[in-house]
Amino acid sequence: MTVLIFQAIATSIDAFAVGVGFCAICVDILPAVSIIAIITAFMVAGAIVIGKKFGDLFENKAEFLGGVILIIIGIKGLL
């Protein structure tokens, strides 16, 4: 439960930062939000399909591989 609260706070801070950034560069919000929503929907749908296929194919190994990939991304972000 605590993890979800921290994730919610982090997401709110991220959304706030994007909103401030859009305001700073005078972006028309409706088209920007529409494009972001459409792209996000397609990316999520694709990730669900790919995740399901990899999960069925690799079973327990898929979870391990996902963890390794996240660790690599984290390390790369620190460098």
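Observations on the structure shown:
- Segment 1-42 shape via C-alpha gyration tensor axes, a/c threshold 1.5: oblate
- Measure of compaction for the chain (Cα Rg per 2.2 N^0.38 Å): 1.46
- Fully extending the segment from Leu78 to Ala32, taken as 0.36 nm per residue of separation minus the present Cα-Cα distance, adds 13.6 nm.
- Using alpha-carbon coordinates, inclination of helix 2-24 to the longest axis of the chain, degrees: 40
- Ala62 paired with Ala10, simple spin-label distance in nm, labels 7 Å along Cα-to-beta-carbon: 2.3
- Distant-in-sequence amide H partners of Val27 (H built 1.01 Å from N, under 5 Å): none
- 3J(HN,Hα) from dihedral phi, segment 49-54, Karplus parametrisation 6.51/-1.76/1.60, rounded to Hz, x for glycine, proline: 5, 5, x, 5, 5, 5
Read-outs: derived from the displayed coordinates by stated rules, not from any lab. The shown structure was predicted, so the numbers you read here are calculated from the model rather than taken from an experiment. Using ideal geometry, Cβ is built from the backbone for each residue, glycine included, and neighbour counts are taken over all protein chains shown.
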